[in-house]
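The values are calculated or read from the model by the stated rules, or taken from the named source; none is laboratory data. All figures in this text were calculated on a predicted structure; none of them were measured in a lab. Here the Cβ positions follow ideal geometry from the backbone for every residue, glycine too, while neighbour counts run over all protein chains shown. Calculation scope for accessible area: heavy atoms of the full protein, side chains included, ligands and nucleic acids excluded. Shrake-Rupley method; radii C 1.70, N 1.55, O 1.52, S 1.80 Å.
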Amino acid sequence: MLSYAEGGSIGVSDYVRTRRDGAVLEVVIDRPKANAIDLATSRAMGLIFRDFRDDPELRVAIISGAGEKFFCAGWDLKAAASGDAVDGDYGVGGFGGLQELRDLNKPVICAVNGLCCGGGLEIALSTDLIIAAEHATFALPEIRSGTVADAASIKLPKRIPYHIAMDMLLTGRWLDVHEAHRWGFVNEVVPAERLMERAWELARLLESGPPLVYAAIKEIVREAEGSTFQTAMNKITKRQFATVDRLYSSEDQLEGARAFAEKRSPIWKGR
């Protein structure tokens, strides 16, 4: 288990910075000049998000990129040219540590501070909320380098209109932040100088919320994606989702009802 210092940072990788403040973990990709990710950086990110998942004291994560120009340019093609295999060991959680991480039942906010393309966009699509600076841009340029945006080919047509997703995948064209917002895969557009402030405001809001409910929401949404409506509903009502079963037997479930009846703010304990 990695050791997170309150209000401090850890050196899991020279290219990934972390900071913990209360129950919020901030993760910053800092790999000049484009914050592209090689195998070693991906493995480090996997360890960070695995430990975020498993740490009962952490409730919310924010991921962003260092600097003002790049969130993440995706897979590091220079590293690939030097020997990193495209199908190599990305570590726990797959590329960037997020998109294949099992049972991540905590909210993750993505703060896009600039160019977000290829694997960088796939990382953003693996989060729950996306806040973007006004100068942010988005693309899936893999088609131009003769490869496939694998995770995006699965996820993007489910998030935005099919024909827009196919346009991005087949042509590699760039979207400005306002078009991305219009199609719905960006939640908010803010001035660059307000980006991290807004991300932390949102993180604090989620930090104050019921963690067991968040966990149930994330498991239901994830599992329902491959199920019929009735199958998913039956699993909820029969308490066949582990997070739902835990929630329905929890102190927090009773606390929510009591707080409502007593007209006060609930105190969530995560148990």
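Some observations on this one:
- Among the residues making up the range 41-58, those that are within 13 Å of the chain's Cα centre (by Cα) and either over 17 Å from LEU101 (Cβ atoms) or of a type in the set (D, E, K, R) (or both) are ARG50, ARG53.
- Residue in the range 243-251 that is more than 27 Å from the chain's Cα centre (by Cα), free of Cβ contacts under 8 Å to residues at least 60 places away in the same chain and in a loop (DSSP other than H, G, I, E, B) present: yes
- All positions within the range 131-156 that are in a strand (DSSP E or B) and open to solvent by less than 10 Å² (accessible area, probe 1.4 Å): ILE131, ALA132, ALA133, PHE138, ALA139
- Here MET166, MET196 are screened, and the one residue that is surrounded by fewer than 17 Cβ atoms within 10 Å (Cβ to Cβ), among the hydrophobic types (A, V, I, L, M, F, W, C), modelled with pLDDT of 95 or more and in a helix (DSSP H, G or I) is MET166.
A quick yes/no check of all residues on (1) modelled with pLDDT of 95 or more; (2) of a type in the set (Val, Ile, Thr); (3) buried (at least 24 other Cβ atoms within 10 Å of the Cβ):
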residue: ARG50; (1), (2), (3): yes, no, no
residue: LYS78; (1), (2), (3): no, no, no
residue: SER82; (1), (2), (3): no, no, no
residue: GLU100; (1), (2), (3): no, no, no
residue: VAL112; (1), (2), (3): yes, yes, yes
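- Residues in the range 209-232 that are under 23 Å from ARG159 (Cβ atoms) and either of a type in the set (D, E, K, R) or open to solvent by 70 Å² or more (accessible area, probe 1.4 Å) (or both): ILE217, LYS218, GLU219, VAL221, ARG222, GLU223, GLU225, GLY226, THR228, PHE229.
- Hits in the range 151-171 - residues which are in contact (Cβ under 8 Å) with a residue 24 or more places away in the chain and within 23 Å of LEU98 (Cα to Cα): ALA151, ALA152, LYS155, LEU156, LYS158, ARG159, ILE160, MET168, LEU169
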